[in-house]
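Notes to accompany the following structure.
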Amino acid sequence: TNPGFMVRITQAGLDYAHQHGIAILEKELARLKLPDISDDSRVGRVGKVHYELSRLRLRDFHLPYSRITPISNVGLQVSISNAFAELDGDWRVKFLFVRDHGSFDLKVENVYIKISLKLGTDSSGKPTISTSECSTRISKVRVLFSGKLGWLYNLFHKAIESRFRKILEDKVCDIVDKSVQNDLQTYVQTLPVTARIDAKTGIDYSLVAPPRATSQSLDADLKGEFYSLTHRSTVPFSPLPLAFPSDHDRMVYFGASSYFFNTAGIAYHEAGKLVFEITEDMIPKDAGFSLDTSIFSAFIPQLEEMYPNMPMKFRLSTPTAPFLTIGPGGISLKPIVDAQAYVILPDSSLAPLFLLSLVRNVSAVINVRSGHIVGSVDVGRIRLSLKDSAVGTFEVRMMQSLMNILTSSTLLPRLNARFDEGFPLPLPDRIQLSNILVRFHQNFLLLGADVHFQPR
């Protein structure tokens, strides 16, 4: 199936993530523990020398040159070149009747590391990352011994350097595997696959397929579906394909499809969140009228006779979930709202008066703030029709301006207050977005941003 929501990490985004990953790997390698070494070695015709190398200390491990490359249909490849390290330690020797000890320095240069990362998804829809291949090649190891018999060690330094090369090559890939598993995999698992919006609704951001690498980016297809926490039903329509543009100016791009937004309408409708009441205390003081039967008696004469000068209230609801479309020109939405008018009787019970159908064009402004999609809506002029009446027939056209004022001054601020809270984007832990870009495309909203990682 097509995704309801897409995420694209461009080369710039991968490079930024790679910088932080390499910094972590460098710290892990600097904590590398090396085993003591002991062996016997023959020195020409002189005989065997027994030597021990102990208290090996890694002073530095630097990874100055590295790059990350997405490999189509494979994953990510990290190439590290010209890395270098410095170690020191103690040596002890037994040769015939001679015993001596001292210290040594070891320099490891021209270290080349190649790491292949496999991308996947687990049963919950979270991303996974693992090392599918790791190789280390060290082209230069130099060891320098101090002490009275340092010259003796220097005679068979090649054997010692070969031992160090083999140990380091094996240890480096062990550290890489552990760092990917303990650091990188743990971090990508902080990507939320569900986002709770309120007590009744949430968003499903689970991956519908493993992330896929292309020659220029890393793409992830997410379900992108709002749902009711009390009762999750099957969405009666499917996501349409998202033709992602080839923009690469930002580190990350989000594609929020019309399916994503329309499932929000379904979830909120099923959760009963699209029911609003307009009461007297919600009317702005500068509106110049009160919400009672006297204001409507000009349009409905019989109302004043039946319920003279009595308070009223309206209950607004959507008979069906609102449905929007997204195109290059923006968001198009024309919701239908039922407005049931009541009179409030002296005992506080409600008597139904009339039921109106309200249709109006809605325009939306979308932005991103604090990792949330936020927005505001504006509404055009209402078109009214009478669906039912307990006070006889009347001309609804005369009520047009009054209903415009009622909905614009009471309903609109409440909607915009909710939209200003926003809906969370699928972001892993400690990620902040900046340099926001918002564009409309056929069937989806494109959001671009640069990324800043906030360390603990």
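The values are calculated or read from the model by the stated rules, or taken from the named source; none is laboratory data. This one's a predicted model, so the numbers in the text were calculated from it and none came from an experiment. Every residue, glycine as well, gets a Cβ built from its backbone with ideal geometry; the counts of neighbours run over all protein chains shown. We work out accessible area using only protein heavy atoms, side chains counted, and drop any ligands, DNA or RNA first. Shrake-Rupley method; radii C 1.70, N 1.55, O 1.52, S 1.80 Å.
Accessible surface of Ser294 in the full protein assembly, 1.4 angstrom probe, to the nearest 10 Å²?
50 Å²
Taking 56 Å as R0, compute the FRET efficiency from the Cβ-Cβ separation of Ser132 and Asp281 and round it to 0.05.
Calculated transfer efficiency: 0.30.
Using the Karplus curve 6.51 cos²θ - 1.76 cosθ + 1.60 with θ = phi - 60°, what ³J(HN,Hα) values do you get for each residue of region 111-116, in whole Hz, with x for Gly and Pro?
8, 10, 10, 10, 10, 10
Just to be sure I understand: of the beta bridges DSSP finds with both ends in the chain, what percent are antiparallel, rounded to 5?
100 percent
So which chymotrypsin sites (Phe, Trp or Tyr not before Pro) in region 213-279 end up in coil per DSSP with only 13 or fewer other C-beta atoms within 10 Å?
In loop regions of region 213-279 (DSSP not H, G, I, E or B), the sparsely surrounded chymotrypsin sites (Phe, Trp or Tyr not before Pro) are Phe237.
Quick one: which residues, 5 or more positions from Lys200 or on another chain, have an amide H under 5 Å from its amide H? H modelled 1.01 Å from N in the peptide plane, none for Pro or chain starts.
Residues meeting the amide H criterion: none.
With θ taken as phi - 60° and the coefficients 6.51, -1.76 and 1.60, list the Karplus ³J(HN,Hα) couplings across region 331-340 in order, rounded to whole Hz; mark glycine and proline as x.
9, 10, 8, 9, x, 9, 10, 8, 10, 8
7 Å from Cα along Cα→Cβ at both Ser139 and Ser215: what's the point-to-point distance in nm?
Spacing of the two 7 Å Cα→Cβ label points: 2.9 nm.
Tabulate in residue order the Karplus-calculated ³J(HN,Hα) for region 73-89, using 6.51 cos²θ - 1.76 cosθ + 1.60 with θ = phi - 60°, rounded to whole Hz; enter x for Gly and Pro.
6, 10, x, 10, 10, 10, 10, 10, 10, 6, 6, 8, 9, 10, 10, 9, x
Need the full-extension length gain, Tyr112 to Asn416, defined as separation in residues times 0.36 nm minus the C-alpha distance. One decimal, nm. Provide the component values of the computation, followed by the final result.
Details: separation 304, 0.36 × 304 = 109.44 nm, distance 5.56 nm.
Full extension from Tyr112 to Asn416 adds 103.9 nm.
Ignoring everything but the protein chains, give the 1.4 Å probe accessible area of Phe145 in square angstrom, nearest 10.
That residue has around 20 Å² of solvent-accessible surface.
Can you give me the C-alpha center-to-center distance between region 184-244 and region 255-291, rounded to a whole angstrom?
Each part's Cα centre sits 25 Å from the other's.
Given H placed on each backbone N at 1.01 Å, which residues far from Ser206 in sequence or on other chains put an amide H within less than 5 Å of it?
Under 5 Å from the amide H of Ser206 lie the amide H atoms of Lys223, Gly224, each far enough along the sequence or on another chain.
What is the extension gain from Thr186 to Asp174, computed as 0.36 nm multiplied by their sequence separation minus the C-alpha to C-alpha distance, in nm to one decimal?
Extra length available between Thr186 and Asp174 comes to 2.6 nm.
Going from most exposed to least, what order do Asp249, Asp90, Asp105 have by accessible area with a 1.4 Å probe?
Asp249, Asp105, Asp90
For Lys200, go through the aspartates and glutamates and keep the ones whose alpha-carbon is under 15 Å away, minus same-chain ones fewer than eight residues off.
Glu225, Glu270
Given a Förster distance of 56 angstrom, what is the FRET efficiency for His157 paired with Arg383, based on the Cβ-Cβ distance and rounded to 0.05?
So the FRET efficiency works out to roughly 0.05.
With +1 on each Lys and Arg Cβ and -1 on each Asp and Glu Cβ, how big is the dipole of the chain about its Cα centre, in debye rounded to the nearest 20?
2200 debye
Of Lys48/Lys166; Lys223/Lys313; Lys94/Lys114, which ones are farther than 32 Å apart at the Cα? Don't skip to the answer; put the middle values down first.
On the way: Lys48/Lys166 23 Å; Lys223/Lys313 40 Å; Lys94/Lys114 40 Å.
The pairs that break the limit, which is 32 Å between Cα atoms, are Lys223/Lys313; Lys94/Lys114.
Can you give the FRET efficiency to the nearest 0.05 for Ser370 and Leu324, using r as the Cβ-Cβ distance and R₀ = 25 Å?
0.55
Out of these labelled values of volume of the Cα convex hull per residue in Å³, (i) 213; (ii) 145; (iii) 176, which was calculated from the coordinates shown here?
Checked against the structure: label (iii).
Dipole of region 11-189 (Lys/Arg Cβ +1, Asp/Glu Cβ -1, origin at the Cα centre): which of Tyr65, Ser116, Ile167 lies farthest to the positive side?
About the Cα centre, the residue reaching furthest to the positive side is Ile167.
Towards the positive end of the charge dipole of region 194-453, with charges on Cβ (+1 Lys, Arg; -1 Asp, Glu), say which of Ala264, Val377, Gln216 has the farthest Cα.
The residue sitting farthest along the positive end of the dipole is Gln216.
Give me the aspartates and glutamates in straight-line cross-link reach of Lys387: C-alpha distance below 16 Å, same-chain residues under 8 apart excluded.
Asp338, Glu395
Spin-label point model (7 Å from Cα, Cβ direction): what's the Asp100 to Thr234 distance in nm?
According to this spin-label approximation, the distance is 8.5 nm.
Pick out, from Pro319, Gly329, Leu303, the residue whose Cα sits farthest towards the positive end of the charge dipole of region 285-350, with +1 on the Cβ of Lys and Arg and -1 on the Cβ of Asp and Glu.
Result: Gly329, furthest along the dipole toward the positive end.
Along the Cα-to-Cβ line of Gln432, 7 Å from the Cα, sits a label point; which residues in region 343-377 have backbone N less than 14 Å from it?
369-372
About its Cα centre, what dipole magnitude does region 194-453 give when the only charges are +1 on Lys and Arg Cβ and -1 on Asp and Glu Cβ, stated in debye to the nearest 20?
460 debye
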